[in-house]
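Engineer: Pasting a structure here, questions to come.
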Amino acid sequence: MLLKIAIRNVFRHRRRTILTVLVMSVGVVFFIFFDSLFIGIDKMLIEELLKYQDGAIVIYSKEYAQNKKAYPLDKPIKNPQKIVNLVKSFKDIEVTFRTNFLAELIYFEKSKYIVATAIDPTTDTKVFNLHNKIKEGRFLIDDNQYEILLGKKLADEFGVKVGDTVILSAYTKYNTYNALEFVVCGLLETPVPTINESSVFLTLKCAEELLTLDGSVTSAHIKVPWKKGEKIATYTKKVLYIVERLKKELYSEYEIYSFRELYNDFIVLMDQKKLSSFIIVFFLLLISAVGIANTILMAVYERIKEIGVLMAFGFKPKQIRKLFLLEGVVMGVIGGFLGCVLAVGLNFWLVYSGWNLEALYAEETTGLKASQLGVPVWGRFYGEWNIYAYLFCFCFCILVAVFSSYFPARYASKLQVRDCLKFV
Amino acid sequence: MDGKIILKNVSKVYQKGKIKVEALKNINLEIEKGEFVVIMGPSGSGKTTLLNIIGCLDIPTEGEIIYNGKTLKNLSEDELSEYRKQNISFIFQSFNLIPVLTVKENIELPLVIEKHLSLKEKEKRVLELIEKVGLSGMQDRYPYELSGGQEQRVAIARALVKKPLVVLADEPTANLDSQTAIEIIQIMREMNEKEKTTFIFSTHDPKIEKFAKRIIILKDGSIYSDMRI
Ligand SMILES: Nc1ncnc2c1ncn2[C@@H]1O[C@H](COP(=O)(O)OP(=O)(O)OP(=O)(O)O)[C@@H](O)[C@H]1O
Ligand SMILES: [Mg+2]
């Protein structure tokens, strides 16, 4: 009966209820939306970086790792074959070798310092996905032609087109200066803005000519396949397991990094963004808490006679309190439920259609380069389903409702019968 | 278990800042089970105060009330509330039905906190009372769909559903036209006779006098006259 009274009272003051409940459900929708988006972004961010930049696991020689930022060509991987053999003992995983070096890209009077990457075109395609992101021209091929691949944005900046000749100058392994002419064979457009804005790829064979590498490579990149729908956590576990096994064999000479360590900075950054969004949600729920408290308090004042009648008939303060608490809970349940339902709709869109943030922050309108926005990956973001977010929100709404109606309800229960019945 | 209500030297003083109002002065009163008592008197004479004290809604400043041979002196709020729940019902001047409950649910309300009754028994009592107060066919209406007289009938049924020792009513007819007022008093009288429930109510309306079995007239907080008819 108390529940019946509570429910009917909630529905009686429709406008008041709708307002409170709406704020609450907007909070829920926000929470679930951002939760979904962030999980999606996290996953996509890692996935794309793995596909275009680093692979799941990166191996350097110990000496190279200590001085990574300087790209020291004289500290290569001493025994690539050992790594290749080791990788073969795992199922499904692939390895390729690369050499990164600092270089100056020159085209007529324009020039720019960049980090160039020498790759092995045949194995690189097994680990990375660059060959599928050629906007114009074609991917590198393994012959002796002097060809390079440029990021599309970089090429645009230089005014370079496919077929044009550019100069790449760099210090060799023996610290002498060298420069060579290359024909641009293709332009890359990937979801990773830094690749589009500043990458230069060439074959290891060409790099040999430029840098006198003596066949050495500086880093190994390992791909661990990511099954569709696999959660970040399980994938990470899988990768870390492989890292552990590799370390057993290679720890004396090599430094082995999983993507987890490589992207720690990004992950921290993302966590900060998440936090700031959840603060918004927190405020929305706070507003709805105040709303509920206010609604219940109003209900108490309006129904002071009713309270008096109930008390006169012997209802205990505890039962009066329960009546108003229930009213709050009913609102919490409605708000939480409504929020979850709306969120399912929005989530659906986010998961299956995706949200094109690129359009929102287009370079033309904001004047910012994509890489300056602090997100290392760009494009259409997809959400993820997270049932726990729904459960959490629903429970949290009820918690907020109970908490915010507790005080007015307690106030009601402490009223004196004779005061309530004064004007009866 | 004689169902007798005894007031012994009951006084009530309201203190408002420095001003003291003596609402009741040394009242001595015995009310037998099944009496039908009307309390009359000019405005401010203490009728409401007296009913509140009999109904355990308020505590006397001095003196004591004895129900069934048991004194209610020194009972806590909770104990008084428990006492009200078991023995006392109220009918109010402005009906005070719960607006979100139907006629039937309103009548059932006092039984919500009665744990020892079966649902079947509750249902039976409610339906019987609806019949008795003449509301057959209106059990699913909401209070706003009723006239004042009908609302007060619901209130009477609600007051009787838990079979109380006494029903207290402070000016139960003040919001009704005189014809309806008489109808309501007649129903109360009928219930009083059938159920042997004690009724004590206050009124300003002299037309109602003739239905009473006992009339107590208050003046300035004291009993001016007390006569059985
Ligand atoms: N809560 C209160 N605080 C102070 N004084 C009060 C209070 N309640 C009643 N009084 C005073 O006590 C006296 C008796 O009031 P009471 O309400 O019992 O009169 P009544 O006979 O019911 O009057 P009416 O016919 O107008 O309803 C009055 O003088 C009133 O001003
Ligand atoms: Mg009065």
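The values are calculated or read from the model by the stated rules, or taken from the named source; none is laboratory data. Everything numeric here is computed off the predicted structure, so don't read it as measured data. Note that each Cβ is placed from the backbone with ideal geometry, even for glycine, and that neighbours are counted across all protein chains shown. Each accessible area value is taken on the protein alone, full model and side chains, heavy atoms only, with ligands, DNA and RNA left out. Shrake-Rupley method; radii C 1.70, N 1.55, O 1.52, S 1.80 Å.
Engineer: How many residues are at the interface with chain A (Cβ under 7 Å from one of its Cβ atoms), touching a Phe, Trp or Tyr at 6+ places or on another chain (Cβ under 9 Å) and within 16 Å of ligand 1 (Cβ to nearest atom) if we restrict to the range B:78-92?
Structural biologist: 1
Engineer: Name the residue, out of A:367, A:335, A:345, that is open to solvent by 50 Å² or more (accessible area, probe 1.4 Å) and either of a type outside the set (D, E, K, R) or modelled with pLDDT under 70 (or both).
Structural biologist: Exactly one residue qualifies, and that residue is A:367.
A quick yes/no check of all residues on (1) under 27 Å from the mean Cα position of the chain (by Cα); (2) under 30 Å from residue A:156 (Cα atoms):
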residue: A:206; (1), (2): no, yes
residue: A:210; (1), (2): no, yes
residue: A:215; (1), (2): no, no
residue: A:220; (1), (2): yes, no
residue: A:226; (1), (2): yes, no
residue: A:231; (1), (2): yes, no
residue: A:236; (1), (2): yes, no
residue: A:246; (1), (2): no, no
residue: A:251; (1), (2): no, no
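Engineer: Test of understanding: among B:111, B:117, B:75, B:50, which residue is touching a residue at least 40 places away in the same chain (Cβ under 8 Å) and more than 16 Å from ligand 1 (Cβ to nearest atom)?
Structural biologist: Only one candidate qualifies: B:111.
Engineer: Another question, then. Within the range A:1-43, count every residue that is within 14 Å of another protein chain (Cβ to nearest Cβ) and either open to solvent by less than 30 Å² (accessible area, probe 1.4 Å) or closer than 18 Å to residue A:291 by Cα (or both). Can you show your working first?
Structural biologist: Going residue by residue through the range A:1-43, those that are within 14 Å of another protein chain (Cβ to nearest Cβ) are A:1-14, A:17.
Restricting the remaining residues to those that are either open to solvent by less than 30 Å² (accessible area, probe 1.4 Å) or closer than 18 Å to residue A:291 by Cα (or both) gives A:2, A:5-7, A:9-14, A:17.
Adding up the residues that qualify gives 11.
Engineer: Check off (1) under 18 Å from residue B:6 (Cβ atoms); (2) more than 16 Å from ligand 1 (Cβ to nearest atom); (3) touching a Lys or Arg at 6+ places or on another chain (Cβ under 7 Å) for residue B:199 and give me the number that stays unchecked.
Structural biologist: (3)
Listed here are the residues, each with its yes/no results for (1) in contact with a Phe, Trp or Tyr (Cβ under 6 Å, 6 or more places away or on another chain); (2) open to solvent by less than 20 Å² (accessible area, probe 1.4 Å); (3) within 16 Å of ligand 2 (Cβ to nearest atom).
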| site | (1), (2), (3) |
| --- | --- |
| B:124 | no, no, no |
| B:142 | no, no, no |
| B:153 | no, no, no |
| B:160 | no, yes, no |
| B:174 | no, no, yes |
| B:179 | no, no, no |
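Engineer: Only one of these is away from chain A (no Cβ under 14 Å), modelled with pLDDT of 90 or more and closer than 22 Å to residue B:169 by Cβ: B:32, B:64. Name it.
Structural biologist: Going through B:32, B:64 in turn, just one is away from chain A (no Cβ under 14 Å), modelled with pLDDT of 90 or more and closer than 22 Å to residue B:169 by Cβ: B:32.
Engineer: What about residue B:162, is it within 11 Å of chain A (Cβ to nearest Cβ), charged (D, E, K, R) and more than 18 Å from the chain's Cα centre (by Cα)?
Structural biologist: Details: within 11 Å of chain A (Cβ to nearest Cβ): yes; charged (D, E, K, R): yes; more than 18 Å from the chain's Cα centre (by Cα): no.
Spelling it out, it is not the case that residue B:162 is within 11 Å of chain A (Cβ to nearest Cβ), charged (D, E, K, R) and more than 18 Å from the chain's Cα centre (by Cα).
Engineer: Just to be sure, is residue B:168 of a type outside the set (Gly, Ala, Ser) and either within 13 Å of chain A (Cβ to nearest Cβ) or within 16 Å of ligand 1 (Cβ to nearest atom) (or both)? Give the steps one after another, and end with the answer.
Structural biologist: Values: of a type outside the set (Gly, Ala, Ser): yes; either within 13 Å of chain A (Cβ to nearest Cβ) or within 16 Å of ligand 1 (Cβ to nearest atom) (or both): yes.
When the stated conditions are applied, residue B:168 passes them.
Engineer: What is the one condition in (1) free of Cβ contacts under 8 Å to residues at least 40 places away in the same chain; (2) surrounded by fewer than 18 Cβ atoms within 10 Å (Cβ to Cβ) that residue B:105 does not satisfy?
Structural biologist: (2)
Engineer: Does the range A:44-102 hold any residues that are in the same structural domain as residue A:171 (by TED's automatic domain parsing), in a helix (DSSP H, G or I), open to solvent by less than 20 Å² (accessible area, probe 1.4 Å) and not aliphatic (A, V, I, L, M), and which are they?
Structural biologist: A:64
Engineer: Tell me yes or no: at least one residue of the range A:154-172 is open to solvent by 50 Å² or more (accessible area, probe 1.4 Å), at pLDDT below 90 and either outside the structural domain of residue A:95 (by TED's automatic domain parsing) or touching a Ser or Thr at 6+ places or on another chain (Cβ under 9 Å) (or both).
Structural biologist: No, the range A:154-172 contains no residue that is open to solvent by 50 Å² or more (accessible area, probe 1.4 Å), at pLDDT below 90 and either outside the structural domain of residue A:95 (by TED's automatic domain parsing) or touching a Ser or Thr at 6+ places or on another chain (Cβ under 9 Å) (or both).
Residue-by-condition table, conditions (1) within 15 Å of residue A:18 (Cα to Cα); (2) within 14 Å of chain B (Cβ to nearest Cβ):
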{"position": "A:262", "(1), (2)": "no, no"}
{"position": "A:277", "(1), (2)": "no, no"}
{"position": "A:282", "(1), (2)": "no, no"}
{"position": "A:287", "(1), (2)": "yes, no"}
{"position": "A:302", "(1), (2)": "no, yes"}
{"position": "A:310", "(1), (2)": "no, yes"}
{"position": "A:318", "(1), (2)": "no, yes"}
{"position": "A:328", "(1), (2)": "yes, no"}
{"position": "A:342", "(1), (2)": "yes, no"}
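Engineer: While we're on this one: Determine which single condition residue A:262 fails, assuming it passes every other condition in (1) more than 30 Å from residue A:79 (Cβ to Cβ); (2) modelled with pLDDT under 85; (3) of a type in the set (A, V, I, L, M).
Structural biologist: For residue A:262, the exception is condition (1).
Engineer: Of the residues B:55, B:41, only one is crowded, with 20+ Cβ neighbours inside 10 Å, within 16 Å of ligand 1 (Cβ to nearest atom) and more than 9 Å from chain A (Cβ to nearest Cβ); which? Working first, answer last.
Structural biologist: Working: B:55 fails: more than 9 Å from chain A (Cβ to nearest Cβ).
None of the others qualify; the one that does is B:41.
Engineer: In the range B:205-220, how many are within 12 Å of ligand 1 (Cβ to nearest atom) and at pLDDT below 90?
Structural biologist: The number of residues fulfilling the criteria is 1.
Engineer: Further question on the same structure: Residues A:123, A:117: which one is in the same structural domain as residue A:93 (by TED's automatic domain parsing) and part of a helix (DSSP H, G or I)?
Structural biologist: A:123
Engineer: Another one. Is it fair to say residue A:259 is over 25 Å from residue A:43 (Cα atoms) and aromatic (Phe, Trp, Tyr)?
Structural biologist: In short, no.
Engineer: Give me the pairs, please: first residue somewhere in the range B:4-16 and within 14 Å of another protein chain (Cβ to nearest Cβ), second residue anywhere and more than 9 Å from ligand 1 (Cβ to nearest atom) and open to solvent by 40 Å² or more (accessible area, probe 1.4 Å), beta-carbon distance under 9 Å, and either six or more positions apart or on two chains.
Structural biologist: B:12/B:25; B:12/B:59; B:12/B:61; B:12/B:62; B:14/B:20; B:14/B:61
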